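Quick note: the coordinates plus some simple rules give every number you see, no bench work behind them. If you're wondering where the values come from, they're calculated on a predicted model, not measured in any experiment. Virtual Cβ from ideal backbone geometry, glycine too; neighbours counted across all protein chains shown.
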Amino acid sequence: MRRTVRLLSPVNMAAPRSFALWGYCDRGWSRLMPGCRLPGFRSCWPGCPLGARLLSQEKRATETHFGFETVSEEEKGGKVYQVFESVAKKYDVMNDMMSLGIHRIWKDLLLWKMRPFPGTQLLDVAGGTGDIAFRFLNYVQAQYRGKQKRQLRAQQNLSWEEIAQKYQNEEDSLGGSHVMICDINKEMLKIGKQKASAQGYKAGLAWVLGDAEELPFDEDKFDVYTIAFGIRNVTHIDRALQEAHRVLKPGGRFLCLEFSQVNNPLVSRLYDLYSFQVIPVLGEVIAGDWKSYQYLVESIRQFPPQEEFKEMIEDAGFQKVTYESLTSGIVAIHSGFKL
Amino acid sequence: MATQLLRPLGPLRLLRRSPGPAADVPLRAASHGTSLLYPEHIPTSPLQKALLAVGSAGMALYNPYRHDMVAVLGETTGHRALKVLRDQMKKDPEGAKILQERPRISLSTLDLGQLQSLPEGSLGREYLRFLDVNRVSPDTRAPTRFVDDEELAYVIQRYREVHDMLHTLLGMPTNMLGEIVVKWFEAVQTGLPMCILGALLGPVRLSAQNLQVLVSELIPWAVQNGRRAPCVLNLYYEQRWEQPLTSLREELGITDPPYPPLMS
């Protein structure tokens, strides 16, 4: 016997009271649980008179973009994973080639905007190869050393015992700062760990495999949350923003460095020309991978512009949200606070 | 009705901006959906082809192990030569048959057992021996991507798959010297710019002794044979497995190599 399912409200305008979905199976009307995903009913649809129309509507609802392609939301995560798995080894080389080294300045600017002090707990999401994390550690170390120097200079007339005590307490050159690097992609984390050991970063960092939409951390844990060139690859950006809000301490800061909309028409044309003509070619010649870099430049175009993204951040509960466009808007740094 | 269903699902801002292709980005190549001429096709603009040609040539010289770069160079520069080749194939009865039936040489289409059982000295047996000795496989050929004509894409794919046959016919191993000799032969036969470039620039990486042998004996032999032989793409190799190699060489006018380069 074929099971047929008919959905009532919200489709049925006669019963606008609840937005709960009611499903009619052989056994009669039963309320569908909120976690129920509509696609699961596809097998029952053939018998439903409204089936075809609802099916197409709900299909549109669970589709999203992958660059300029349209894919289902379930597919997108997997496809993005594959892209980063294949680009991981050449990621840094390609970044330098594609941005002519300018990406280093952008990341430095992000750190200068952050101005972390020793003792800051940073969560760097989608931080795979560790660029932001290493800069953070360098910055904090430099700060701490500067502070030490100032203290020493100020306490020149202290007794020897007190100075010796100061020296004995100094084990932690980071002053308690810590960065948690979280990424969904194992390959990117692997490359990051290799870089860390090659460049001598041992203390103050931890590597975690995790999904930005569902972070494996408790709430109110971090002082700063950063996501650099990662949020446009997330399937549900709003969920990532909500998670960011959750794990930040009250008073914590959200910082996002991401490609954005260019505000100058001439620069925009040149940028488009460069993005679509040159970058996939660079990807093919240097990394042997055209399609991943085609996806990367298309995903930039699909990302909301500065104002719209600012509104999304505000929707997630952040306050005092501001943004700063860099290089004529090629990238933008968005900042918000959890208050 | 659509909005009624969508509203409880939250403000899906991302879906408001429809994934718009060519309209708002005038200079992108349409690489999705129906504009593909064959499965692996990546449509490219003339500027992209030029950049690819230059980039792949540079990278192939810098790192000779990047065979994919040699392939890309061939695809982006070979349009005119491929048309000439295709027309040549159409004029020849065997070549026209190949164009129609589109045979492919890969491990899945070859019957290795049958080839193994063929008598010594036959094309099939010698081809298999060549694959074994040099430890190569017909499946390492990258698929064509940047050729914007479906038939020409097949022609260049066929050329790539026939490359190993040429090694067998000419008796050349897959070391640097052997590859250059085959490239000279192919350059004369096909006129593909990639072959010509490879033939001219490949010797740069050879030792002085090898270079001397190459220039004095191997290149003249390869050029002579290349000129004399009919178009090698016109041979339906799949139907000639049993033919003895010597008789095939006679048919094509290929003489024995003067100085067989040592297998490395």
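Straight-distance candidates among the lysines for linking to residue B:83, with alpha-carbon spacing under 30 Å and chain neighbours fewer than 8 residues away dropped: A:291, B:49, B:91, B:97, B:183.
Under the √(5λ) rule applied to the eigenvalues of the Cα gyration tensor, what semi-axes describe the equivalent ellipsoid of the stretch A:164-278? Give them in Å, descending.
The equivalent ellipsoid of the stretch A:164-278 has semi-axes of 33, 20, 16 Å.
In order along the stretch B:97-104, the phi-based Karplus estimate (6.51 cos²θ - 1.76 cosθ + 1.60, θ = phi - 60°) of 3J(HN,Hα) comes to 5, 4, 5, 6, 8, 6, x, 10 Hz; Gly and Pro are listed as x. For the stretch B:108-152, trypsin sites (Lys or Arg not before Pro) are listed when DSSP marks them as loop and at most 12 other Cβ atoms sit within 10 Å of their Cβ; the list is B:135. Look at A:108, A:211 and count the other Cβ atoms within 10 Å of each Cβ; fewest to most, that gives A:108, A:211.
Here the residues A:99, A:177, A:292, B:106, ranked from fewest to most Cβ neighbours within 10 Å of their Cβ, fall in the order B:106, A:99, A:292, A:177.
For residue B:112 and residue B:50, a Förster radius of 45 Å and the Cβ-Cβ distance give a FRET efficiency of 0.60, rounded to the nearest 0.05. If the chain linking residue A:89 and residue A:161 were pulled fully straight, counting 0.36 nm for each residue of separation and taking away their Cα-Cα distance, it would gain 20.8 nm.
Note on residue A:322 and residue B:100: their simple-model spin labels are 7.5 nm apart, each label 7 Å out from Cα toward Cβ. Taking a straight Cα-Cα cut-off under 16 Å and skipping sequence neighbours fewer than 8 places away in the same chain, the lysines within cross-link reach of residue A:113 are A:320. Projected onto planes of every orientation and averaged, the convex hull of the alpha-carbon atoms in the stretch B:46-252 covers 11.2 nm². Distance between the 7 Å Cα→Cβ label points at residue A:197 and residue A:152: 3.3 nm. What residues of the stretch A:78-103 lie in the reach of a label at residue B:62, counting those whose backbone N is under 20 Å from a point 7 Å from the Cα along Cα→Cβ? Counting backbone N atoms under 20 Å from the label point, the list is A:87-103.
Subtracting the Cα-Cα distance of residue A:63 and residue A:269 from their residue separation scaled by 0.36 nm leaves 71.2 nm. Straight-line reach from residue A:90: taking Cα to Cα under 15 Å and skipping same-chain neighbours fewer than 8 places apart, the aspartates and glutamates in range are A:131, A:187, A:284, A:289.
Of the trypsin sites (Lys or Arg not before Pro) found in the stretch A:211-271, those that fall in a DSSP loop while having at most 16 other beta-carbon atoms within 10 Å are A:221.
Summing Cβ point charges (Lys, Arg +1; Asp, Glu -1) relative to the Cα centre of the stretch B:46-252 gives a dipole of roughly 500 debye.
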